[in-house]
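The structure appears below as structure tokens.
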Amino acid sequence: GRGSIHELIKGLLKYFEKETSEIFIHHITLMFTQLKQNDKDKIRIKDACIQLVTAITAKNSTSAFGAVEINQFINVIEFFNSYVLPEISSSNSPILIASALKFTTIFRNQLIDVIGPNILVTCSICLKNENEVVHSYAANLIEKYLLIKNPDKTQKISKDILKSFSAQLIFELLSNIEKDEVEENDYVIKAIFRISKILQSDMLAHVEICLEKLKQVLYRICRNPRKPIFNHYLFETFACLIRYITEFEPSTSSSFEAILFESFQFILSNDIGDFIPYTIQIISLLLKMRPDPIPDFYLNLLPSFMNSKMYDRAGNVPALSELLRVYVYRLPNEIVKTNQFNGLMGVFQFLNSKKSYDHFGAQLLCDIFNYIPPENILSSLSVIFHILLLRLQNLTSVKFEQNLCLIFLTLCAKFGGNIFVETLEKIQTGLSSNVINHIIVKKMAQATTKQDKLVSIVGCTKLICDTPLMLSIQMNREVWPLLIREMIRLNSIDSGGDEPRDKETNLPEIINGITGEAGMTFNKLICASIEFPNPYNNITSHFFAENLCRFSKRNQGLVESLMRQKLDEAVFVGINRLLENFDLILE
């Protein structure tokens, strides 16, 4: 077979590159000469030549990047211009067109400066071909071609260039996706997604036809969702269109809802497990992006997203927890007014009880602290603490303790340290110093993201500088200096910036591994992943330094006295260095 021949050629090239190249070039030249005398075998001979040149030229290639190392003795550009491009442009043979498209895809990085964006026009013509292999290769070339980057990581085919070809490409791709014989073509949906991703808000001109066609496809595959890669890219395309178009023109949210919500309700009511996690992510994105006022139907849907049966499938849980966080962010007052706060707390309690889900529970609870009206939080705080401490006692883990530290510091950042200490002391005398010492002191400096670090800075600063109960309770006075030590450690660690959520350069390769039982796997939609705003985005270590100096001024001599009892000289050096950065001194 061809695979064995390719392996043999690779072996020969490894040890005899020049000699092997010369022999094959000689034979390929002879084969093209034969074409003049043997016209009836021209398809077979031309195809064999293209395959041979591919084999001897691509020394190392990957699906993601094409040929990354080529044979220095083969002129790829000359062969392409002489023998490959004419077949793509004018051949009547599906075999030759497919071979030529495959060759162009493999050597796209070497050919892009020669063929330029006009290859997209050629591909759009190939998409008209009735042969499924041909239009699959054409769609694959479009998608791979649009992934090529310049050395500075910008798009080789820019948004402005693609715009001039987009109408024709989108029309032909959507025409292909409708054909019964190729329903669920992975290459076609990937190409549609890639065009949408590059054009972003400029897809507004095509969004109506795209949504209508893709919605029909969605209904069709609901009967038998058998191709997970196709399914993922279909929903990724929905997310892409929603995200970038509503970002540009917020009023289009209502149009997306009108077109898509009927399909989503169909998926939810018919319990189509493969698509429920995707549907929840899209609803989450729509709610996140939607301008005020938010329609009532979102609030009416909330009870169904808190139904315990929805959490029986592991694949639903990450999407549901993210969606509830969006509800808390966008509709905090409405949740309370419609008596749905208790249901929300029930979901938190479930998530918190499971080792595999407790980080989702922590994220949800931190958002509840930040956005739900304070009176509801404070009246429930004792119950929340009992739930957290019971889990800590019965089923702790390194991850849970780290999340618990963040929960406590988020509470302190929002409501101040006194509420935190007072609630713990009501549960058991001396409990606050125990929790501070074993959770906050041990885990705070391990904050892994910029957002967690900022929350920790604010929360711990308030615990140190604005919490009278830290000084009036003797055991808390013992741990108070340790908090300062950990703040110095936290400020000395460069957590860097959080990785951007829209990180999808390698998306095609990641998604190719999708497998799993319906509803049991969760695959994140990259375009639906938008960070929540950070309420402490403008905070720096200056916040701690300034508040420590104010506290020291109010409590003359106390700060240094307490620190001298517990801290070594290295911590004092760190404190002085931090204060010097902002021209501050302890009084």
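Having 1 or more residues that are surrounded by 15 or more Cβ atoms within 10 Å (Cβ to Cβ) and under 40 Å from the mean Cα position of the chain (by Cα) is the bar; report the helices (runs of 4 or more DSSP H) wholly within the range 1-83 that clear it.
Filter on the range 1-83 gives 2-15, 42-57, 76-79.
Would you mind finding the one in Lys566, Lys524, Lys553 that is at pLDDT 90 or above and either open to solvent by less than 50 Å² (accessible area, probe 1.4 Å) or more than 25 Å from Asp452 (Cα to Cα) (or both)?
Among Lys566, Lys524, Lys553, only Lys553 is at pLDDT 90 or above and either open to solvent by less than 50 Å² (accessible area, probe 1.4 Å) or more than 25 Å from Asp452 (Cα to Cα) (or both).
Would you confirm whether or not the range 135-145 contains a residue that is under 22 Å from the mean Cα position of the chain (by Cα), closer than 23 Å to Tyr244 by Cα and in a helix (DSSP H, G or I)? Write out each step before concluding.
Going through the range 135-145, the residues under 22 Å from the mean Cα position of the chain (by Cα) turn out to be 143-144.
Applying the additional criterion that residues be closer than 23 Å to Tyr244 by Cα yields 143-144.
Now restrict to residues that are in a helix (DSSP H, G or I): 143-144.
Yes - at least one qualifying residue is present in the range 135-145.
If I go through the range 503-521 residue by residue, how many of them are surrounded by fewer than 18 Cβ atoms within 10 Å (Cβ to Cβ) and either modelled with pLDDT of 90 or more or in a helix (DSSP H, G or I) (or both)?
2
Restricting the range 181-198 to residues that are in contact (Cβ under 8 Å) with a residue 40 or more places away in the chain and surrounded by fewer than 22 Cβ atoms within 10 Å (Cβ to Cβ), which is nearest to Ser253 (Cα to Cα)?
Ile198
Test Ile473 against the criterion of being among the hydrophobic types (A, V, I, L, M, F, W, C), over 34 Å from the mean Cα position of the chain (by Cα), at pLDDT 95 or above and open to solvent by 30 Å² or more (accessible area, probe 1.4 Å), and give yes or no. Walk me through it before giving the result.
Numbers: among the hydrophobic types (A, V, I, L, M, F, W, C): yes; over 34 Å from the mean Cα position of the chain (by Cα): yes; at pLDDT 95 or above: no; open to solvent by 30 Å² or more (accessible area, probe 1.4 Å): yes.
So Ile473 fails the test.
If you scan the range 91-100, which residues turn out to be open to solvent by 80 Å² or more (accessible area, probe 1.4 Å) and part of a helix (DSSP H, G or I)?
Ile95
Hey, among Ile530, Ile539, which residue is of a type in the set (Val, Ile, Thr), in a loop (DSSP other than H, G, I, E, B) and modelled with pLDDT under 90?
Ile530
Restricting attention to the range 228-246, which residues are farther than 14 Å from Ile177 by Cα and either of a type outside the set (D, E, K, R) or modelled with pLDDT under 95 (or both)? Steps first, answer last, please.
From the range 228-246, those farther than 14 Å from Ile177 by Cα are 228-229, 232, 235-236, 238-246; that's our starting set.
Correct list: Pro228, Ile229, His232, Phe235, Phe238, Ala239, Cys240, Leu241, Ile242, Tyr244, Ile245, Thr246.
Say we look at the range 139-170 and pick out the residues that are surrounded by 14 or more Cβ atoms within 10 Å (Cβ to Cβ) and of a type in the set (S, T, N, Q); which of these is farthest from Asn185 (Cα to Cα)?
Checked the range 139-170; the qualifying residue farthest from Asn185 (Cα to Cα) is Gln155.
Which residues, counting only those in the range 273-288, are among the aliphatic types (A, V, I, L, M) and modelled with pLDDT under 95?
Going through the range 273-288, the residues among the aliphatic types (A, V, I, L, M) turn out to be 276, 280, 282-283, 285-287.
Once the filter is applied, which keeps residues that are among the aliphatic types (A, V, I, L, M) and modelled with pLDDT under 95, the range 273-288 yields nothing.
Check Ser356, Ser284 and return the single one that is in a helix (DSSP H, G or I) and out of contact with any Phe, Trp or Tyr (no Cβ under 8 Å at 6 or more places or on another chain).
Ser284
For Asn370, work out the one condition from (1) in contact (Cβ under 8 Å) with a residue 60 or more places away in the chain; (2) in contact with a Gly (Cβ under 6 Å, 6 or more places away or on another chain) it doesn't fulfil.
Going through the list (1) in contact (Cβ under 8 Å) with a residue 60 or more places away in the chain; (2) in contact with a Gly (Cβ under 6 Å, 6 or more places away or on another chain), Asn370 breaks only (2).
Could you check how many residues of the range 171-180 are open to solvent by less than 30 Å² (accessible area, probe 1.4 Å) and among the hydroxyl-bearing types (Ser, Thr, Tyr)?
0
Here are Leu378, Leu351: which of them is under 29 Å from Gly417 (Cβ atoms) and within 24 Å of the chain's Cα centre (by Cα)?
Unique residue meeting the criteria: Leu351.
The values are calculated or read from the model by the stated rules, or taken from the named source; none is laboratory data. None of the values given here were measured: they were computed from a predicted structure. For neighbour counting, all protein chains shown are included, and Cβ atoms are generated from backbone atoms with ideal geometry for every residue, glycine included. With ligands, DNA and RNA removed, areas are computed over all heavy atoms of the protein, side chains included. Shrake-Rupley method; radii C 1.70, N 1.55, O 1.52, S 1.80 Å.
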